[in-house]
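A.B. asks: Quick one: the structure is below, questions incoming.
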Amino acid sequence: VTVSMTVPTTTATRHIILISGKDSLATAIVQTAYQPDLPYELVFNPTGAELPEVYEWIDAVAAYLGRPIVRVGRSLEEVIAEQGILPSQQARYCTKYSKIFPLEDYLGADETVVYYGLRHDEPERVGYQRKSRGRGANIRPAYPLRMFCLGLNEVWRLVESRGLLPPAFFWRELHERVVARLGSFSGIIDTLAPWEHRQAFAWRSRPNCSHCFFQRRYEWAGLLAHHPDLFWKAEAMEREIGGEGFTWIRGLPLAELAGRADEYLEKRVGAVVKMLYRKAQLGIWHDEGEEVDGLGLVSCGLYCGK
Ligand code: SF4
């Protein structure tokens, strides 16, 4: 891990903390405590495709921190219509046009430090790629969680102790099926720490766009179960913009996924049960925080549900 021991504040006039998930919120808590006198601006980059639960959480965070959270973003629906194709791993223009460009416009030419929520226990994650000139060259990245060697477990505790965990997205059906499958072993669920429990039984691993192409199949099934209107809206976009052969999930149109939703829920049940057995046998999870994320992590990058 490359650890920068100093926050680059020398000539910066603005200090931006992006809030999008538990890691970035922990970053805000740590950084504002570390250098309380800097003129921080908290920024949320909405695309308009977030779930209603996410907006409620953002409001709760602003109330707790006692600072406004400015919303800087562009409608992803508009951007997709403009581009004429669905965003994907190969054409990931969504973050750029809906979040990064609006942020750069918001900052203008001001020398700025942006604080990102990269953790100490994810050295493989690449930080912000600083530009040498042009748009965005005035942004200098800082990673307070890495600077203070804070990993996943510390982040969970920090955020949970303040009652500010992002939406739980609890999936009752998933929980009931796991309990039924475990039978007399279901007591091992009680050994989970609260944040482990949340992660295991969530229908969504992070508070990002409802139709994010990074999500897993069980998350789409969860979206269908909890926000069918948003699922079918995504399905309509897939038909109208994606067209034949260009689907949110390669080779699996959402209409087909909807017909197989129970299969994906069952697969998720199997994954959670397997993880619980491993935990019981090996005593993992408490010590190896990555196991918690291992159940649900999808990588959207620095701006999306991080
Ligand atoms: S959450 Fe997913 S769809 Fe939304 S901007 Fe990020 S990568 Fe794109």
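A.B. asks: Per the Kirkwood definition applied to all pairs of different Cα atoms, how many angstroms is the hydrodynamic radius of segment 6-165?
C.D. replies: When all Cα pairs of segment 6-165 are included, the Kirkwood radius is 16.5 Å.
A.B. asks: Let me check against my output: what whole-number percent is the relative contact order of segment 221-269, with C-alpha pairs under 8 Å and at least 6 apart?
C.D. replies: 39
A.B. asks: Could you sort 257-270, 140-153 so that the peptide with the highest average Cβ count within 10 Å comes first and the rest follow in order?
C.D. replies: Descending packing order for the listed peptides: 140-153, 257-270.
A.B. asks: Less than 9 Å Cβ to Cβ from Arg14, Lys/Arg counted +1 and Asp/Glu -1: what total charge do the surrounding residues give?
C.D. replies: -3
A.B. asks: Accessible area per residue of the chain at 1.4 Å probe, in Å²?
C.D. replies: Details: 13530 Å² over 306 residues.
Per-residue value: 44 Å².
A.B. asks: Here is a follow-up. Where the centre of each part is set by its Cα atoms, how far does segment 230-284 sit from segment 71-137, in angstrom?
C.D. replies: The distance from the Cα centre of segment 230-284 to that of segment 71-137 comes to 26 Å.
A.B. asks: Which pairs in the list Lys131/Lys306; Lys22/Lys131; Lys99/Lys306; Lys22/Lys267 are over 24 Å apart, alpha-carbon to alpha-carbon?
C.D. replies: Where the Cα-Cα span goes over 24 Å, the pairs concerned are Lys22/Lys131; Lys22/Lys267.
A.B. asks: Enumerate cysteines in the chain without a disulfide-compatible partner, where compatibility requires another Cys Cβ under 4.7 angstrom.
C.D. replies: Cys94, Cys149
A.B. asks: If I take every Cα pair under 8 Å that is 6 or more residues apart in the chain, average their sequence separation and divide by the length, what percent do I get for the relative contact order?
C.D. replies: 23
A.B. asks: Can you compute the helix-only [θ] at 222 nm over the chain? Use -39500 (n - 2.57) per DSSP H run of at least 4 residues, normalise by all residues, nearest 500 deg cm²/dmol.
C.D. replies: The helix-only estimate for the chain comes to -12000 deg cm²/dmol at 222 nm.
A.B. asks: Now for a different question. Can you give the percent of C-alpha pairs in the chain whose distance is more than 33 Å?
C.D. replies: Summing the P(r) tail past 33 Å for the chain gives 27 percent.
A.B. asks: In addition: Can you tell me which of 182-189, 212-219 comes out highest on packing, and rank the rest after it, using the mean Cβ neighbours within 10 Å?
C.D. replies: 212-219, 182-189
The values are calculated or read from the model by the stated rules, or taken from the named source; none is laboratory data. Model, not experiment: these values are computed from the prediction. Heads up, the Cβs are rebuilt from the backbone with ideal geometry, glycines too, and the neighbour counts pull from every protein chain shown. Please note that ligands, DNA and RNA were not included when accessible areas were found on the heavy atoms of the full protein model with its side chains. Shrake-Rupley method; radii C 1.70, N 1.55, O 1.52, S 1.80 Å.
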